[in-house]
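The values are calculated or read from the model by the stated rules, or taken from the named source; none is laboratory data. Only a predicted model underlies this, so the values are computations on that prediction, with no experimental measurement involved. Every residue, glycine as well, gets a Cβ built from its backbone with ideal geometry; the counts of neighbours run over all protein chains shown. Quick note on the areas: whole protein, heavy atoms, side chains included, nothing else; ligands and nucleic acids left out. Shrake-Rupley method; radii C 1.70, N 1.55, O 1.52, S 1.80 Å.
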Amino acid sequence: KQTVPHFYLSVTCTLNEMLAVRERLNGHAPKGPDKAPLWKISVNDFVIKALALALQRVPAANVTFTDEGILQHRVSDVGVAVPVEGGLFTPVVRRAEAKTLSQISIEMKELAAKARSRSLKPPDYTGGTSAVSNLGMFGVEQFNAIINPPHATILAVGAGVERFVPVNGQPVLKTQMTCTLSCDHRAVDGAVGAQLLAAFKQLIEEPALMLA
């Protein structure tokens, strides 16, 4: 925070469609020999996939700042903050835009287990262009995350909260989630950050677009 000029952009995403898709996918998860599902997709898995695809839609945000200039990336390597006793690790899901939600789910469980056992190796947590920090499971509704260099952005994800939303003049109960994007102003300006957040919001609210 002392060396990277931060600015913040927030958006509210409606989760009803995504939660319905998640329930259907988990209901059809294949079973292993022990009859347990081979994967269970979380909200965070959708967030990782949506951010990865949004970075592809807005390539000007898929960058990192270096002393030599702005480095453009072709793939979306997304870090995910994992709290451990006494600190925090940010393992990276490589080429997340090309992976299915079930692949991301399985990989994240493996990376989180490695982080908690402190067995991550440098290739597991170095590099990447953006990251996700999700405190929703702790009941936090909104926060600003600190960028983890060399990343140019980080998405802070809050809890899904039921709210009445006006639809055609009538109150309708929706589940909504507030997400705040922290940007390194040396690499990503306000317009580019806004485009990235808009692309993310569209993908989260219309998860079928993640399959296109």
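If I ask for residues that are in a loop (DSSP other than H, G, I, E, B) and either closer than 20 Å to residue 43 by Cβ or not charged (D, E, K, R) (or both), which ones from the stretch 109-129 would you list?
Of everything in the stretch 109-129, those that are in a loop (DSSP other than H, G, I, E, B) and either closer than 20 Å to residue 43 by Cβ or not charged (D, E, K, R) (or both) turn out to be 117, 119, 120, 126, 127, 128, 129.
Does at least one position in the stretch 2-20 carry a residue that is over 30 Å from residue 174 (Cβ atoms), in contact with a Leu (Cβ under 9 Å, 6 or more places away or on another chain) and free of Cβ contacts under 8 Å to residues at least 60 places away in the same chain?
No: zero hits.
With respect to residue 46, determine if the residue is more than 16 Å from residue 181 (Cβ to Cβ), open to solvent by 50 Å² or more (accessible area, probe 1.4 Å) and of a type in the set (Phe, Trp, Tyr).
no
For the stretch 38-58, does any single residue satisfy the condition of being of a type in the set (A, V, I, L, M) and more than 19 Å from the chain's Cα centre (by Cα)?
yes
Please find, among 140, 132, the residue that is free of Cβ contacts under 8 Å to residues at least 24 places away in the same chain, under 22 Å from residue 177 (Cα atoms) and not in a helix (DSSP H, G or I).
140
Would you check which residues across the stretch 15-29 are touching a helix residue (DSSP H, G or I) at 6+ places or on another chain (Cβ under 9 Å) and open to solvent by 40 Å² or more (accessible area, probe 1.4 Å) and list them?
Listed by number, the residues that qualify are 16, 17, 19, 22, 25.
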